[in-house]
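Structure record follows, encoded as structure tokens.
The values are calculated or read from the model by the stated rules, or taken from the named source; none is laboratory data. Everything numeric here is computed off the predicted structure, so don't read it as measured data. Here the Cβ positions follow ideal geometry from the backbone for every residue, glycine too, while neighbour counts run over all protein chains shown.
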């Protein structure tokens, strides 16, 4: 069963709020910008993570230094899963944030 538009937006909003909370609670010197469904995380070293919703595809997209990734919501696990690697969003973010900002953050629950 595919996500309804309303459910999709609720899930992305909740995910972006969790991400903002995780980054706000960290000791990182970062800038967070949220506008028109796009969340941008700017690290002190100039690198960025950009999270955007792709409504027609019902996907959450992530742009990082290491590439672009597309996530589908898996209702069974209640997690966003990469459509290519099947890696969970939280697991991927732990790796990507370590690579880009050289810090370990816990993205459990994403």
Checklist entry - Limited to the range 94-110, what total is found for residues that are without any contact (Cβ under 8 Å) to a residue 40 or more places away in the chain and closer than 21 Å to residue 21 by Cβ? => result 5
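Out of 90, 37, report the one residue that is closer than 13 Å to residue 110 by Cβ and surrounded by 14 or more Cβ atoms within 10 Å (Cβ to Cβ). Show your work before the answer.
On the way: 37 fails: closer than 13 Å to residue 110 by Cβ.
Selected residue: 90, the only one of 90, 37 that is closer than 13 Å to residue 110 by Cβ and surrounded by 14 or more Cβ atoms within 10 Å (Cβ to Cβ).
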Checklist entry - Checking residue 78 against (1) surrounded by fewer than 15 Cβ atoms within 10 Å (Cβ to Cβ); (2) out of contact with any strand residue (DSSP E or B) (no Cβ under 7 Å at 6 or more places or on another chain); (3) closer than 19 Å to residue 23 by Cβ, which test does it fail? => result (3)
Item to check | In the range 21-34, residue modelled with the lowest pLDDT [restricted to those that are surrounded by 13 or more Cβ atoms within 10 Å (Cβ to Cβ) and over 19 Å from residue 78 (Cα atoms)] | outcome: 28
Checklist entry - If you go through the range 58-74 one residue at a time, do you hit one that is surrounded by fewer than 12 Cβ atoms within 10 Å (Cβ to Cβ), out of contact with any strand residue (DSSP E or B) (no Cβ under 9 Å at 6 or more places or on another chain) and either at pLDDT below 95 or within 16 Å of residue 109 (Cβ to Cβ) (or both)? => result no
Checklist outcome for this item: Reported set for the range 23-49 where residues are under 17 Å from residue 61 (Cβ atoms) and touching a strand residue (DSSP E or B) at 6+ places or on another chain (Cβ under 6 Å) is 33, 37, 38, 39, 40, 41, 48, 49
Next on the checklist: So, in the range 81-98, how many residues would count as being touching a strand residue (DSSP E or B) at 6+ places or on another chain (Cβ under 7 Å) and closer than 25 Å to residue 29 by Cα?
Outcome noted: 3
